[in-house]
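The values are calculated or read from the model by the stated rules, or taken from the named source; none is laboratory data. Note that the coordinates shown come from a computational prediction; the quantities given were computed from them, not determined experimentally. Because the Cβ atoms are built from the backbone with ideal geometry, glycine has one as well, and the counts that use them run over all protein chains shown.
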Amino acid sequence: MEKKDCAAGANCCLECGEPLSGRCDKKFCGDYCRNAYNNRLHVSERRLMEGVNRKLAKNHKVLEKAAGPWSRLSELEKEGFAKSFFTGCRGYGICRTYECYDIRYRIAFGYLMKL
Ligand SMILES: [Zn+2]
C-alpha cells in the first residue's frame, strides 16, 4: 500500500498515511493497516524464530531416530543435528545435560548419550 503524505500536525495512519478521526491516540485507520504495519515490523523477528524452531525440530527428529543411547556426534551432524541449538541445559563440563524438548542428552568426547 502506498503511504500518503501526512499534513503537518495532523494525526495520520502509520501505515497508509490517511488522516485519522476519533481518539487522539489512534494510530491506524483500521485492522488491515494495523496488521500490515505490525507484520512488517515483526517480520525479521519472526524469521529468526522460525529458523531457530526449524533447527530445534530437526534436532528432535535426529535425536528420536538415533539408535541406542550412544551416537557419534559427527554422524548426527551429518543428519542435520546442530549441537548449539537446544531448549535447556544444566550442569558443567562433561556432566552438562542438554534438552531438546522431551529428550535429554549429554555430549562428551565426540559422542552424544541419550539419557
Ligand atoms: Zn491506514
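Can you list the helices (runs of 4 or more DSSP H) lying wholly within region 1-86 that have 1 or more residues being charged (D, E, K, R) and at pLDDT below 95?
Once the helices (runs of 4 or more DSSP H) in region 1-86 are filtered for at least 1 residues that are charged (D, E, K, R) and at pLDDT below 95, what remains is 31-41, 43-65.
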Query - Sole residue being within 30 Å of residue 85 (Cβ to Cβ) and either of a type in the set (Phe, Trp, Tyr) or surrounded by 10 or more Cβ atoms within 10 Å (Cβ to Cβ) (or both), chosen from 11, 39 - result: 39
**Report entry** Whichever residue in region 87-106 is at pLDDT 95 or above and of a type in the set (Val, Ile, Thr) and, among such residues, is nearest to residue 51 (Cα to Cα)
**Finding:** 87
Report task. Please enumerate the residues belonging to region 11-57 that are small (Gly, Ala, Ser) and either away from the ligand (no atom under 14 Å from the Cβ) or within 25 Å of the chain's Cα centre (by Cα) (or both). Result -> 36, 44, 51, 57
Query raised in the report: Looking at (1) touching a helix residue (DSSP H, G or I) at 6+ places or on another chain (Cβ under 9 Å); (2) small (Gly, Ala, Ser); (3) over 19 Å from residue 102 (Cα atoms), can you tell me which one residue 80 breaks?
Result: (3)
